[in-house]
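Read through the structure below, which is laid out as structure tokens, and then see the notes.
Values in this text are rule-based calculations from the coordinates and carry no lab data. Quick caveat: nothing in here was measured; it's all calculated off a predicted structure. Using ideal geometry, Cβ is built from the backbone for each residue, glycine included, and neighbour counts are taken over all protein chains shown.
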Amino acid sequence: MSEDGKVRISKLMSEQGLCSRREADAFIERGWVFVDGVRVTELGSRAYPTQKITLSREAKSNQLAQVTILLNKPVGYVSGQAEPGYKPAVTLIAAASRHAGDRSPQRFDPAQLKGLAPAGRLDIDSTGLLVFTQDGRIAKLLIGEDSRIEKEYLVRVEGRLDAQGLKRLNHGLSLDGQALKPAKVSWQNEDQLRFVLREGKKRQIRRMCELVGLKVTGLKRIRIGSVKLGDLPGGAWRYLREDERF
């Protein structure tokens, strides 16, 4: 914030959920952003947080054209950048691997892969729901520092867990010197736990289990917010439907 209280318009747009900061800069350059009804075209422009920011019809159409894809990631694929010996999960997104039950009218075009990025992580050894999106609003909603979106996992474990250990999994553990947010952890069956988290530190569930003497032998993400993995087969993908919201 500057001395006069003004803030970069791109930052305000991101904070207000209008788009990501990168998208905001692109929209400003194209003249698609208005502050109190006045068009803004200069990058780095600032405004007061109380001023009203709106997008042009062209900007809104651009956002509607952005795709969001749900993938059931198998073991052996990384969420983001390729690693030696492993492929990024985005390589699974092709016409042939689209789920036959996808009810979206959206037609697949390889050009949609441009700018398609994972909104969150799922490690090599884990399976389940992984979101790819071109929409900065969705990315911010799912992975922003202030994200409060729940992620639900089914976790198969080996070892003994007493009542105190289960209590610590729910609240009381720290990773990397930081206390974890409260979680919801319960037994799904005799060898499987159900985790619901509102944060996503690297290999968090596996490390949490290690701290209470458990070894994770299988981990599957089945829900992000109100969007469920459902019957999506491993290695298959579908579009986020218009009636679905995280």
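Once amide H atoms are built 1.01 Å from N in the peptide plane, which residues 5 or more positions from ALA183, or in another chain, come under 5 Å H to H?
Distant-sequence amide H within range of ALA183: HIS171.
Quick one: dipole size for the chain, taken about the Cα centre, charges +1 on Lys/Arg Cβ and -1 on Asp/Glu Cβ, in debye to the nearest 20.
Working: 43 positive and 30 negative charges, 56 e Å.
Approximately 260 debye in magnitude.
TYR48 label point, 7 Å along Cα→Cβ, cut-off 13 Å on backbone N: hits in region 7-39?
In region 7-39, the label zone of TYR48 (backbone N under 13 Å from the point 7 Å along Cα→Cβ) covers 7, 36.
Whole angstrom only: what separates the Cα centroid of region 107-136 from the Cα centroid of region 39-102?
7 Å
What pairs from LYS87/LYS220; LYS6/LYS202; LYS87/LYS181; LYS52/LYS181; LYS60/LYS114; LYS87/LYS184 go past 30 Å between their alpha carbons?
Flagged as over cut-off: LYS6/LYS202; LYS87/LYS181; LYS52/LYS181; LYS87/LYS184.
For GLY234, list long-range residues whose amide hydrogen, built 1.01 Å from N in the peptide plane, is under 5 Å from its own amide hydrogen.
Here the answer is none, since no amide H 5 or more places off falls under 5 Å of that of GLY234.
Provide VAL227, VAL155 in ascending order of the number of other Cβ atoms located within 10 Å of each residue's Cβ, fewest first.
VAL227, VAL155
Report, please, the projected area of the chain averaged over directions, based on the convex hull of its C-alpha atoms, in nm².
16.2 nm²
Residues of region 123-159 with the amide nitrogen closer than 13 Å to a label point 7 Å from the Cα of LYS184, along Cα-to-Cβ, please.
Correct set: 149-153.
Using +1 at the C-beta of Lys and Arg and -1 at the C-beta of Asp and Glu, which of GLY44, TYR77, ILE28 has the Cα lying farthest in the positive direction of the dipole of region 1-120?
So the residue furthest toward the plus end is TYR77.
Among ASN189, PHE132, LEU154, whose Cα projects farthest towards the positive end of the dipole of the chain, with charges put on the beta-carbon of Lys, Arg (+1) and Asp, Glu (-1)?
ASN189
List the trypsin sites (Lys or Arg not before Pro) within region 73-165 that DSSP assigns to loop and that have no more than 15 neighbouring Cβ atoms inside 10 Å.
Those that pass, being in a loop and sparsely packed, are ARG103, ARG107, LYS114, ARG148, ARG160.
Between SER226 and ALA111, what length comes free when the chain is fully extended (0.36 nm per residue of separation minus the Cα-Cα distance, one decimal in nm)?
The SER226-ALA111 span can extend by a further 38.6 nm.
Of ALA183, ALA117, ALA95, which has the largest mean-square fluctuation in a 10 Å C-alpha GNM of the chain?
Taking springs between Cα atoms under 10 Å, the residue moving most is ALA95.
In region 138-245, what GluC sites (Glu not before Pro) fall in a loop by DSSP, with at most 16 other Cβ atoms inside 10 Å?
Answer in residue order: GLU145, GLU150, GLU190, GLU199, GLU242, GLU244.
So which GluC sites (Glu not before Pro) in region 1-75 pass both tests, a DSSP loop state and at most 13 other Cβ atoms within 10 Å of the Cβ?
Those satisfying the criteria are GLU3, GLU42.
For LEU166, LEU232, what ranking results if the residue with the fewest other Cβ atoms within 10 Å of its Cβ goes first?
So the residues, fewest neighbours to most, are LEU166, LEU232.
Evaluate the distance, in nm, between pseudo-label points positioned 7 Å from the Cα of GLN16 and of LYS60 along their respective Cα→Cβ axes.
1.4 nm
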